[in-house]
Every structure is written in structure tokens, then in C-alpha cells.
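*Asks:* Sharing a structure below in C-alpha cells format, with a few things to ask.
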Amino acid sequence: MFKRFFVSLLGTVAGIWISIISVVIIGSVCVGVMLSGDKKTAAVEKNSILYIDLTGDIIEREGNANFVTMLSRAEQKPQTLENIIKSIQLSSNDKKIEGIYIKCGGSSLGVASREEMMQALRGFKESGKWIYAYGDAISQGDYLLASVADEIYLNPVGNVNIRGIGSVTPFFTGLLDKLGVKVQVVKVGTYKSAVEPFILKEMSDAARLQNKVYIDSIWSYYATTIADNRSVASDRVSAWADSLTYAWTAEECIAAGVITNSAYGREFDKILKTKSGIKEDEDIRLVSPADYIAYNNSDFGKASDKHIAVYYAVGDIVDSGNEGIVGQTVVKDIVELADDDNVKGLVLRVNSPGGSAFASEQIWEALEYFKSKDKPFYVSMGDYAASGGYYISCGADSIYADKTTLTGSIGVFGMIPDLSGLVTGKLGVNFSEVTSGPNATFMSLVEPMTPYQLQSMQKSVNEIYELFTGRVAEGRGMAVEDVKTIAEGRVWVGSSAISLGLVDKIGSLTDCINDMAGNLSLRPNQYVSYPSVDNDIFKALMNETGRLDVAGMAFDTETLKAFHAVKRLREAASVQARMPEVEIR
């Protein structure tokens, strides 16, 4: 008995010490994060330069505090497109800002996001101020933005990687066959290719056709925009891509007109000092977009005054959870905005490839409730507003998209894996059932569906497709049959979608807000961004308690992508309105 008591005592003491150590470590990190985020923003001085660092992740907008993200990014919050564009616009009329320095470091921005930033940069140049760009290795996406600069500097031993546009889709059927896993698919839409990686070994002719069309459209935007910025013919930009500029020396890039000059980082710093009127023995006065916005925070609307609500719907559409466009949360938020007398109109900023068909319908209904309050409802589409992303957009009074926005993908599918070949065939695990009827174990992952069950699933998907196309027809003032001719799950770029009636105007989020403000007799800056951001570190810690994934702390980008892909499949609703995963390179 004494021995058991002694062992139990030691275990208790050890547990207490482990808890204390854990609390100290977590507490230290929390304090560090809070202190790092509690720094007062310094006043912007004369001869300052707005510093846009195109490095790493640049997200649409800052979200709620996430403890795992805070651990991995304790020193620096990710940049946001919202802050970058706001800072460019505000600084164009700020006498303290001499110009803009674009640092090309390989950013993660989508094409339409770059398109909107390009519009802001061009507006900045109209003020008469300068833009300089520099990079050690300039990626094609960063070069698109750098091309608007008055001067583009490259490290003498660096490179510029202009190569054209392409997308690569992995197909998992061969792997699944080896594992003994089959994916049972029900869908509506010839072009609904999100299911193809799990049932085919290469893309279908329909998928190849739609991919080719939108990739050519996006490259046309790249080539034309770069050509306009650099005052060359677009054919010349295509020739640069075909010649693979990555292998060119800095001197060859200068001779071809790709860049204007070369310099090492230290030399470029001196150039910036001279350009901004700073003495050589003084520090360059670089101001980040986040700091600049914090400094100018009073220039924007307040929730307590009449304003336009700009609601960001970013990520996968899901029924519940803490990430993406969470149906339950968004519905609640939209209803509250509808009932708020200070909210005079709503701009829904959609950047989503879709997701749960059920959640999409619930959000659509909440937006209809908003419209019932006789308040205008506009949509601004970002990089994606496809499938479920289009579902929640289609009821808007006016839809804005960028030329390179990927939208449409009006179709529905369901995927139910059958693991019996793996679990029973390869691992030797057998199952015995006792049921009340033939469908009691429907959607079991360890046995294939019966023909009747597959037929029933197809019927359900067909009904959701009819509902989806009906919503689009109602919202866009089209006949259902006309919608179906451009639906079938096909993805369109914004420049094509406008001629099809899926989009009303080609324009940025700024254009969308300004137009609504004008119609409501409000100032362009009388808007408030929603949902509100909660940076409470302790609440974030409590939300993560018991589910801190090691994979979530990984710093390797490809590892994180794989982890999140598996996580999405595991948590996805059985019926989806989603476009295929597309990464434009």
C-alpha cells in the first residue's frame, strides 16, 4: 500500500511540475506575442518611403487570433492585401511619403489580388510620386507588380523568372488503386473536374479545355499589363517567357528592357536615400503598410456611425468550425448587419473556391434577408468566387470581378470513399453487421454503396444542382435553361463572365465600395471591415486546447499544404459545390 501511495505521489508531483513548466512556456510565448503586438506605432516622418515587401504569405485580411499561427509567427504578423492597398491609396496624397519601394521576395498573392494591387499602384503614380522595385530573384508574379515601377533594380547575380502561365494537377488514382481505395462519385456538370484526381489518371478533355481557356486569358493579362507598364509590345513579353529569362544575366535583362539597372542591396539602399532626400549617414525611413494604416486609422469609418459594411468571406465554405467561411457564423453576422441601422449597405468580398452546398444555401438565405431590409448588397470577387463562392454571390444587386478572377463553376458533386479494398482486402480486417434494414449502414467507409444508394445520392445531387441553378437564375434575371448552358461546373475568368451575365462590372474592391458609397451619398472611406478581428491570445489558446497539431506548427509551405488538403477532405461535407484546387504558376 505504501509503495502504491509513493508511486502515486511521485506521479502527482511529476504531473504538477510538467503542468507548471507548460504554463511557464506558454505564458512566456503569450507575453512575448502580446508585447510584440503592443508596440506603439511611430509617427510617420518626412522623407518616408512606403515599403511593400512581397515576401511569403500575403493574406486577404487579418483573421482572429490563432495560437498555433502565433507561435510560428510570433515576431511578425502576415501582411494583408487590405492594408497594402489602403496604404498605397492613402499615401498618394501624404506629403510625408516620398515614394514606394517594392521588395520582390516571392509572395503568395493570387493573380486577381495582384491585379487589384496593380490598380492601386497605377493610381499612386498618377500623383506624380515615384515607385522603385528591387529583388535578388524576381518571380513572375512579383515582376508583374514591379513592372509598374519607374526603376527596376536586380542584384547583379540575381535573376528574373518570366516563363508563362501553367497549372499542374496531381492525380491520385494510381496510388488509391495500390492502396485498395475507391472513390465513389456522384456529380452534375461535365466540367466539374474537382473529382477527377480521385477517379482518373489524367484530366478529361473537358477539364483540359476549360483550363486552357482561362490560363490563356490570365497570360494575356500578364503579357498586356507588363507590356503597357514597360512600353513594349505584348509579343515581346511572350518572347521573354519563351526564352526563359531565368537563365539570363542581369546585363542581358537590362539589354532586353526587362529591368532598368542592377545593384547590390547596400548600393540600392544608397539610391533610395538619395531619392527620398535622406543623408547618407541616416537610416532609410521605411514604413510598412500595417504601420501606415495604424498611423492613419482615424481616416476610416466607425461602426457607431452610418457606414457600408465590407464583409470578408475568405476560404473554404464549411458548415461549422473555426476556419474559412463558416456557415453558422456568417449567417449570424449577416443577420446582425441587416438589423443594424448604422449599416446602410453591404459589400461582400468573396475569395473562395466554394465548399459545403448546405452552408452556401444558408448564407444565400441570410443575404436575401439583408436585401429585404431595402439595403443595397454588392459583391466584390477576389482571386476565386467559384461554385459555392458564386452561390453566395449570385443574389447581389451588382457583382464586381477582376479580369483574372476565377468564377462560375456552377455544379455539385459528392465523393464517398470505399476503403474495403484496403481495410479488408489488404489489412485483413473483416466486419459483421446486424441491421434493421438494407440502408442502416449507408455511407459506411468500409463497404461500397449499393446501386440503389448510389442512385439515391445522385438524385440528391441533382436536386441541389436544380436549386443552385435556380438561385443563379433568380439573382441574375436569367432563364434557368440559359444558366444551365453556361453552368455544367465550368470555370470562367472575370473578363469572360461579364459577357455571360455572371458578372456586372470589371472592377476592384475599391471600385465596388466607391460605387456603393456614391449611390448612398456616403464618403468613400465611410466603410467598416467585418467580421471584427479578435486578437485575444488567451481566448485563442483556449480554442486550441487539446487540438494543437504538430503539423499545424510546421514551417515548410509544402508540408502545410499537404496537411491542410487532408484536413479539408476529412472535414468536408458529403455534398460539395466547389471548384478544383488550382495553383497558377
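*Asks:* Shape call for region 264-423 from the C-alpha gyration tensor, a ≥ b ≥ c root eigenvalues: rounded (a/c under 1.5), prolate (a/b greater than b/c) or oblate?
*Replies:* It is oblate, given that a/c is not under 1.5 and a/b is not larger than b/c.
*Asks:* In addition: Quick one: ranking Asp402, Asp136 by accessible area, 1.4 Å probe, largest first, what do you get?
*Replies:* So, going from the largest accessible area down, we get Asp136, Asp402.
*Asks:* What are the extents of the Cα atoms of region 372-421 along their three principal axes, in Å, largest first?
*Replies:* Principal-axis extents of region 372-421 (Cα, largest first): 55, 30, 13 Å.
*Asks:* If the chain between Asp216 and Lys332 were fully stretched, how many nm would it gain, using 0.36 nm times the residue separation less the Cα-Cα distance?
*Replies:* Length gained between Asp216 and Lys332: 37.7 nm.
*Asks:* Quick one: length gained pulling Glu45 to Ala256 fully straight, 0.36 nm per residue minus the C-alpha distance?
*Replies:* Full extension from Glu45 to Ala256 adds 72.1 nm.
*Asks:* Moving to a separate point now. Could you please put Lys484, Lys192, Lys275 in sequence from largest to smallest accessible area, using a 1.4 Å probe?
*Replies:* Greatest to least solvent exposure: Lys275, Lys484, Lys192.
*Asks:* Counting only protein heavy atoms and a 1.4 Å probe, tell me what percentage of region 436-496's accessible area is made up of carbon and sulfur.
*Replies:* Roughly 57 percent of what the probe reaches on region 436-496 is carbon or sulfur.
*Asks:* Next question, about the same structure. Quick one: what does P(r) look like for region 115-230 with 10 Å bins over all Cα pairs, in whole %?
*Replies:* 11, 29, 22, 18, 14, 4, 0
*Asks:* A follow-up question, please. Full extension from Asp57 to Leu427: what is 0.36 nm times the residue separation minus their Cα-Cα distance, to one decimal in nm?
*Replies:* 129.1 nm
*Asks:* Heavy atoms of the protein only, probe of 1.4 Å, neighbouring chains included. What is the accessible area of Met443 in Å², nearest 10?
*Replies:* 70 Å²
*Asks:* Could you sort Arg61, Arg349 by accessible area so the largest value comes first, with the probe set to 1.4 Å? The partial results should precede the final answer.
*Replies:* Values: Arg61 40, Arg349 0 Å².
Descending order: Arg61, Arg349.
*Asks:* Let me ask another. Sorted by mean Cβ packing within 10 Å, highest first, what order do the peptides 46-54, 265-273, 448-456 take?
*Replies:* 46-54, 265-273, 448-456
*Asks:* Is the C-alpha gyration tensor of region 305-382 telling us rounded, prolate or oblate? Criteria: a/c under 1.5 is rounded; beyond that, a/b larger than b/c is prolate, otherwise oblate. Before the final figure, lay out the partial values.
*Replies:* Numbers: a/c = 1.97, a/b = 1.65, b/c = 1.19.
Verdict is prolate for region 305-382.
*Asks:* A follow-up question, please. Using 7 Å Cα-to-Cβ label points, what is the Ser304/Phe171 separation (nm, one decimal)?
*Replies:* Roughly 6.1 nm, to one decimal.
*Asks:* Once you put a point 7 Å from the Cα of Asp482 and another 7 Å from the Cα of Glu323, both along the Cβ direction, what distance in nm separates them?
*Replies:* 4.1 nm
*Asks:* Beyond 27 Å between alpha-carbons counts as too far, so tell me which of Lys46/Lys103; Lys125/Lys375; Lys201/Lys403 fall in that bin.
*Replies:* Details: Lys46/Lys103 21 Å; Lys125/Lys375 35 Å; Lys201/Lys403 32 Å.
Over 27 Å Cα-Cα: Lys125/Lys375; Lys201/Lys403.
*Asks:* Then there's this: What shape does region 207-332 take by its C-alpha gyration tensor, where a ≥ b ≥ c are the square roots of the eigenvalues and a/c under 1.5 counts as rounded, a/b above b/c as prolate, and the rest as oblate? Please report the intermediate quantities before stating the final value.
*Replies:* Values: a/c = 2.73, a/b = 1.23, b/c = 2.22.
Taking the square roots of the gyration eigenvalues as a ≥ b ≥ c, region 207-332 is oblate.
*Asks:* Assuming R0 = 60 Å, what is the FRET efficiency of Ser231 and Leu454, from their Cβ-Cβ distance, to the nearest 0.05?
*Replies:* Numbers: r = 59 Å, r/R0 = 0.99.
My answer for the efficiency is 0.50.
*Asks:* Right, next: How many nm is it between the label spots at Glu463 and Ser521, if each spot is 7 Å from the Cα in line with the beta carbon?
*Replies:* 4.9 nm
The values are calculated or read from the model by the stated rules, or taken from the named source; none is laboratory data. All of these numbers come straight from a predicted model, not from anything done at the bench. So basically every Cβ, Gly included, is an ideal-geometry build from the backbone, and we count neighbours across all protein chains shown. Keep in mind that these areas ignore ligands, DNA and RNA; they rest on the heavy atoms of the full protein, side chains included. Shrake-Rupley method; radii C 1.70, N 1.55, O 1.52, S 1.80 Å.
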